[in-house]
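> This is the structure I have questions about; it appears just below.
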Amino acid sequence: MGRSKTGGKYLTPETLWDFFIAYKAEVKANPILKHVFVGKDGDSKEQKFERPLTFDGFRNYLYTHGSVKRFDDYYYNNHGDYSDFIDVCGRIKSEIRQDQIEGGMCMIYNPNITQRLNGLVEKSEVKVENIELTMNLK
């Protein structure tokens, strides 16, 4: 177990890590381009924004490169068939999370979105008590 035949190739934890490294390089080398108008004359320019790493982006990368069609099987290992992939999947998740959190903290990405995606929303507890008062007027 622990290996799956995909497109004539065997996927191993090492090759999955290699796919992640290739995904990361591709994402960071291809910023998102936003069309903006700058200056008093409204000159048309393209502004570059760093592209964040995402779990869905990696899943789509694997799918479009013909490597893995059902990455969730490896990642979640529901039936115990992919136990060899637990460590590499955890590392991939951790690297994606680190990129999102650090990018949000440095305002490269929207901090509110990265907080929500990574469960970092500040929670506060508000306690409201109702006290019933009764008065006897005679």
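The values are calculated or read from the model by the stated rules, or taken from the named source; none is laboratory data. Computed from a predicted structure; not experimentally measured. Calculation scope for accessible area: heavy atoms of the full protein, side chains included, ligands and nucleic acids excluded. Shrake-Rupley method; radii C 1.70, N 1.55, O 1.52, S 1.80 Å.
> For the chain, with all protein chains present and a 1.4 Å probe, just round the carbon and sulfur fraction of the accessible area to a whole percent. Could you put the intermediate results ahead of the total?
Values: 5380 of 10730 Å².
Result for the chain: 50 percent of the exposed heavy-atom area is carbon or sulfur.
> Express the relative contact order of the chain as a whole percentage, based on alpha carbon pairs under 8 Å and six or more residues apart in sequence. Mind dumping the intermediate values first?
Details: 118 pairs, mean separation 28.9, N = 138.
Here the relative contact order equals 21 percent.
> When the helices in the chain are scored as -39500 (n - 2.57) per DSSP H run of 4 or longer and the sum is shared across all residues, what 222 nm value do you end up with, to the nearest 500 deg cm²/dmol? Spell out each step's value before the answer.
On the way: 5 runs with 60 residues, N = 138.
Mean residue ellipticity at 222 nm (helix-derived): -13500 deg cm²/dmol.
> Can you list, largest first and rounded to whole Å, the semi-axes you get for the chain by taking the square root of 5 times each eigenvalue of its Cα gyration tensor?
Working: eigenvalues 350, 188, 25 Å².
Semi-axes (√(5λ), whole Å): 42, 31, 11.
> Also: For the chain, what number of Lys pairs, 8 or more residues apart or on separate chains, have alpha-carbon atoms under 19 Å from each other?
Here the count comes out as 10.
> Also: Taking the C-alpha atoms of segment 15-72, how large are the radius of gyration and the largest Cα-Cα span, Dmax, in Å?
Taking only Cα atoms of segment 15-72, I get Rg and Dmax of 16.0, 52 Å.
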